[in-house]
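The values are calculated or read from the model by the stated rules, or taken from the named source; none is laboratory data. Small disclaimer: the values here were computed from a predicted structure and weren't measured. Here the Cβ positions follow ideal geometry from the backbone for every residue, glycine too, while neighbour counts run over all protein chains shown. Just the protein is used for accessible areas: all its heavy atoms, side chains included, with ligands, DNA and RNA removed. Shrake-Rupley method; radii C 1.70, N 1.55, O 1.52, S 1.80 Å.
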Amino acid sequence: MTNSRLNVNIDHVATVRQARRAPEPSLVAAAMLCEQAGADGITVHLRADRRHIQDADLYTLRQTVNTYLNVEMNVSDEMIKIALDARPDAVTLVPETAEEITTEGGLDVRSQLEGVRGAIDQLREGGLFASVFLDPDAEQITAAHEAGAQQVELCTALYAEATLGARGFHGQGAARAAHELQRLHEAATLAAQYGLRVAAGHGLTYRNVAAVARAQEITEFNIGHNIISRAVLVGLERAVREMREEINR
Ligand code: PXP
């Protein structure tokens with residue numbers, strides 16, 4: 001039993017809103033419901049193409065999120081400026097490419113150490129907490145430490161993919177899932193030895209999160225798609241019933 005914090009990533013509430021450029025569903029309401037249900041924080045990802053979260057959302061959420069606001073963004077002057085202005089509790093630096101559907105793996109800090117260090121320096125001088133999203137790789141963790149990061153968020157995507165084929169860790173893919181899990185645990189241990197706080201996320205689900213949560217060093221999870229997917233399904237019946245009642249009235 002661990003007491004890791006859970007930040008709920010509500011990007012896809014904004015994805016539904018942006019599909020219609022409508023006021024609904026409200027991100028503020030979504031964040032409040034997450035907090036009421038026990039979330040320790042809210043995560044949003046401001047992407048270069050603004051396909052879900054908009055700049056204005058950061059300012060609104062900053063005023064309304066009572067727990068902890070973590071904003072994921074790429075390493076660019078534009079984004080760092082926005083972060084320093086919007087003042088979330090934490091900024092997580094992530095890679096970003098124009099073609100991606102979602103973030104594809106961790107940031108390569110080693111190959112752009114000076115750039116990442118410069119961004120982290122600005123964030124920390126501005127009083128913000130700086131995290132970097134990394135593959136569970138010793139070289140990258142060491143680079144993040146050298147760059148002055150206060151936290152690493154370990155990318156769980158490869159582990160999560162492996163569990164899709166693992167069928168409860170007994171079928172095909174089980175060995176790969178176990179290998180990826182081992183990599184995550186080793187990376188978490190190394191990061192903690194550097195004195196870094198350790199988070200994890202990407203592709204985690206109700207079925208695969210528990211094994212990762214056994215790593216005592218991991219103190220925070222950022223989980224979005226699977227929670228929002230489930231929310232759509234568990235909420236659908238009530239939503240239809242309420243519309244049925246309105247039509248019947
Ligand atoms: N952590 C980071 C750095 C991410 O980019 C994302 C996706 O935006 C997540 C966590 C959450 O991933 P998922 O939506 O698959 O739970």
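Quick rundown of the values:
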read-out: Extension gain, Thr67 back to Thr189 (0.36 nm per residue minus Cα-Cα distance, nm); value: 41.2 nm
read-out: Residue-wise HN-Hα coupling along segment 154-165, computed from phi with Karplus coefficients 6.51, -1.76, 1.60 (Hz; x: Gly, Pro); value: 7, 6, 9, 4, 5, 4, 4, 4, 5, 5, 5, x
read-out: Kirkwood Rh in Å, taken over all unlike Cα pairs in segment 99-229; value: 15.1
read-out: Accessible surface of segment 1-135, 1.4 Å probe, proportion on carbon and sulfur as whole %; value: 51
read-out: Extension gain, Arg241 back to Ala29 (0.36 nm per residue minus Cα-Cα distance, nm); value: 74.2 nm
read-out: Label-point gap, in nm, between Arg87 and Thr142 - each point 7 angstrom along Cα→Cβ; value: 3.9
read-out: Mean accessible surface per residue for the chain, computed with a 1.4 Å probe while every protein chain stays in place, in Å²; value: 51
read-out: Gaussian network model of the chain, springs between alpha carbon atoms under 10 Å - residue of Val91, Val232, Val109 with greatest fluctuation; value: Val232
read-out: Gln182 versus Ser111: modelled label distance in nm, points set 7 Å from Cα along the beta carbon direction; value: 2.7
read-out: Value at 222 nm in deg cm²/dmol, rounded to 500, when DSSP H runs of n ≥ 4 in the chain each add -39,500 (n - 2.57); value: -15000 deg cm²/dmol
read-out: Tyr206-Glu125 FRET efficiency (beta carbon distance; Förster radius 45 Å; 0.05 resolution); value: 0.70
read-out: D (Stokes-Einstein, µm²/s), Kirkwood Cα radius, the chain, 1.306 mPa s at 10 °C; value: 85
